[in-house]
Amino acid sequence: MSSAEIRITAEPIDDARCKFLVSEPVHDGGVRRFASPDEANGSPLVEAIFAIPGADVTEVIVSGNLVTVVKRSAAPWQVIGKSVGGAIRAALAGARPAIAPKPAAPVAAGGTDDDTLYDRVAELFDAQVNPMVARHGGRVELIDVQDAVVMLRMAGGCQGCGMADVTLRQGIEAMLQQAVPEVKGIVDITDHTAGANPYFAASKK
Amino acid sequence: MLRPSTGRLLLLLPTATYRATAFVEAARRLGVALTVASELPSTFEQAQPDALVTLDFSDPERAALQATEFARRYPIAGVIGVDDDGAVVAAAIAGRLGLKGNPPAAALAARDKHVQRRELARHGVPVPRFELHRLDEDVMQLAARVHYPCVLKPLRLAASRGVIRADDAPGFAAAFARVKGILEQAGCERSILVEDFVPGPEVALEGLVIDGRLALLGLFDKPDPLDGPFFEETIYVTPSRLPAPAQLELARCGEAAVAALGVREGPIHAELRHNARGPWLIELAARPIGGRCSAVLRFTAGEEGREKGETYSLEELIIRHALGMPLPVLEREQRAAGVMMIPVPGAGVLREVRGIAEARAVPLVEDVAITAHPGEALVPWPEGSRYPGFIFARGETPEAVEGALRAAHGRLTFVLQ
C-alpha cells in the first residue's frame, strides 16, 4: 500500500490530546508509550512526532492502528494533526519498523515494575471493575502498563457511552488511586466513535 | 494522577448529556475535587461514594435534601447544573447549602418558556406577543383568533424540539396536533405556548453572570435563516457580523433579561433576534451552550496569556466561578470560530458516515465529531432533538469559518437504512 492510500482519521479529545486512527496497523506488538524523545530512539514514527515544530509533544501512545498524541502547545490540532499524519505515512512507507519492539520492563523508582503493576491492575479489573461495568453491559480491557501508566480500552455499553469519561475518571481512576497508588496515570485508547451500543446515548442539545 | 487542591465541586450531569467529557476534563485540569451527580446511579457509586452520587433531578427540593445529606460527609464548595433541569436543581442545592448560585425562582423562570416571557414582558424586555393554551382547547377556535405568522412551542422541551411555525389556520391546526403528539410522547406537559413569529436574523449570546452582572463571553451569528416551519439549528459563528450598534443593543437586551429574571450567578445562553424594531429576547437559559458547541469558545488570559499561548475552556471558567477561584480576563481569543450542528439527514437507522477524513481535511476545519452511533435511529425535527454530529472550524474571519463548515458538511454522506 502506498502512503497516499493510507487513511488517517483524527479524533481530538481536547486541546492537549488527539487520537489518530490509521487504516492499517502501525504496531502489532501491543501498546507502546513514549514519554520523551529519548524513549523514542529507534522508533522512526515517534521520533518524527516528537520533532514536529511548535507542537511540544509530551507523550505518544501507539497500539495497533491507533496513535494517541499528547502535546503541551496551544497550536490547534488542525495544524499539528497534518504533521502527525505526514509522520505516520512516512514511517509506514519506510524500510524500518515504525515502532521498535518493547524493551524489557524497567523497575520503577519505588521498586514496583510495570509487570507487577500490570498483574495488580488486572486483578482489580477482574475482581471489581468489570463486574461493576458489566451491570451496564460494559467491559474494560487492560491493554498494558508502561512507566506506571495504565492503558485501557472500553467496550460494550461503555464504548461511546455519554458517561464513559465519568466512569473512567470518577470510577476506574479513583479505584486505581486507592488500590494501586503506584499507578501514575490512566489512558483510554478506546475509539468511542465506533461504539454501536452505548449504555447512555447523549440526546440533549 | 492529579490531586485535588480546592473545595469540592458538585457537578449535575444528566446521563443523556453531551457535556460530561468537557466538564470532567476541565475539573481535572483545575485540580478540583469532583463529585458527579446524575439522575440514575453509576455502577461505581457504592465503591466511590465521594465521587459519584444519585440525585432526584425530577424533584429539586428532594435533590437538595439528598445533596445536603451528601455534603455532611463530603463538604461541597460549589454546584453546577449543565442543562435546564440541572440549573433548577443546582439553584435549590445552592440555596439550601448557602453556595453561590441563582435564586430557585430565577432558575425556574429560565426553564419555563411561559413564566419567562411573562417576567420579561413585565419588566419591559422586548419579547414576542404570547399566549398560553391548554392542549384540550378547541383548536379550530384558537386557529381563528391567533395572529399569523405564529410559532407553537412546548414549554420545556430542549433543542427546539416540537417548535413549529404556522402561517394560517389550517397550518395552525396541523402544527397543534403535531406538537400535541410530541408532548404526549414526552409525557411532560399539558400546555403550549403560541407566540408571534419574529422576523430577522437570530443570534446566540453566551455569558457568565457574576453577582448579577452579565459578562459577555461570545455573540454567535446563525447564518442559516431560522424561518421555520421547524427550527433545527445548524451553524454558529463568532464574532458576529451584525453592525456594532445592533450587537450593543443585543447585549443590553441580554443584560435586561438577566436582571428581569433575577439571574445572579453562573452561565447563561440566550437566543435573540434583531430587526428594524430592535432586539428581541427569544429565550434565555441559566446554563451554558449545549451539545458539544462549547468547544468553539476558547478564552485567553489577557495579553500575558496570549503571549504564553494559554487558553481556557468555557467549562474551566464556569468551574472557577462556581468555586470562587480567581477568574482570568474574560476575553475570547481573537480568531473567528464556528460550529455546525450537523442537520439530521433524514429519518432512518444510521448505518455509516462516509467522508469524515475528507471533511476533516478541509482547511480551517479543526474537528468533525460524529456523535450518532451505527444502528441509531435518526429522527428529524420537530420530533427529534439529537444532532448526528458537530463540525468545528477556526480561522481569521467569520466568512472563512462559515465557508469551511459548509464545505466540510458537503463532504459527509450519511448512509441510512
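The values are calculated or read from the model by the stated rules, or taken from the named source; none is laboratory data. Model, not experiment: these values are computed from the prediction. In this analysis, Cβ positions are derived from the backbone assuming ideal geometry, glycine residues included, and neighbour counts consider all displayed protein chains. In case anyone asks, the SASA skips ligands and DNA or RNA and just uses the protein heavy atoms, side chains included. Shrake-Rupley method; radii C 1.70, N 1.55, O 1.52, S 1.80 Å.
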When you scan the stretch B:375-383, do you find a residue that is under 13 Å from B:MET341 (Cα atoms), within 19 Å of the chain's Cα centre (by Cα) and among the charged types (D, E, K, R), even just one?
no
Give the residue that is nearest to the chain's Cα centre (by Cα), with candidates limited to residues of the stretch A:2-55 that are on the phi > 0 side of the Ramachandran plot and assigned to a loop (DSSP other than H, G, I, E, B).
A:GLY42
How many of the residues making up the stretch A:165-177 are more than 10 Å from A:VAL129 (Cβ to Cβ), within 8 Å of chain B (Cβ to nearest Cβ) and open to solvent by less than 10 Å² (accessible area, probe 1.4 Å)?
1
Taking into account only those residues within the stretch A:178-199 that are facing chain B (nearest Cβ under 8 Å) and open to solvent by less than 30 Å² (accessible area, probe 1.4 Å), which is nearest to A:THR68 (Cα to Cα)?
A:ILE186
Among (1) closer than 30 Å to B:ALA94 by Cβ; (2) open to solvent by less than 40 Å² (accessible area, probe 1.4 Å), B:ALA369 falls short only on (1)
Pairs needed: first member in the stretch B:360-385, facing chain A (nearest Cβ under 7 Å) and at negative phi; second member anywhere, of a type in the set (D, E, K, R) and open to solvent by 20 Å² or more (accessible area, probe 1.4 Å); C-beta distance under 6 Å; at least 6 residues apart or different chains.
B:SER385/B:ARG161
If we only count helices (runs of 4 or more DSSP H) wholly inside the stretch A:107-185, which ones have 1 or more residues that are among the basic types (Lys, Arg) and touching a residue at least 60 places away in the same chain (Cβ under 8 Å)?
A:114-124
Go through the stretch B:93-110 and count every residue that is open to solvent by less than 40 Å² (accessible area, probe 1.4 Å) and either of a type in the set (Lys, Arg) or farther than 16 Å from B:LEU261 by Cα (or both).
3
Can you name the residue in the stretch A:56-76 that is assigned to a strand (DSSP E or B) and open to solvent by 20 Å² or more (accessible area, probe 1.4 Å) and, of all such residues, is farthest from the other protein chains (Cβ to nearest Cβ)?
A:GLY64
Does at least one position in the stretch B:373-383 carry a residue that is open to solvent by less than 10 Å² (accessible area, probe 1.4 Å), over 19 Å from B:ALA336 (Cα atoms) and of a type in the set (Gly, Ala, Ser)?
no
Among strands (runs of 3 or more DSSP E) entirely within the stretch B:1-74, at least 3 residues that are under 30 Å from B:GLU189 (Cα atoms), within 11 Å of chain A (Cβ to nearest Cβ) and touching a strand residue (DSSP E or B) at 6+ places or on another chain (Cβ under 8 Å) occur in B:34-38
Taking the criterion of being at the interface with chain B (Cβ under 7 Å from one of its Cβ atoms) and open to solvent by 10 Å² or more (accessible area, probe 1.4 Å), would at least one residue in the stretch A:151-162 satisfy it?
yes
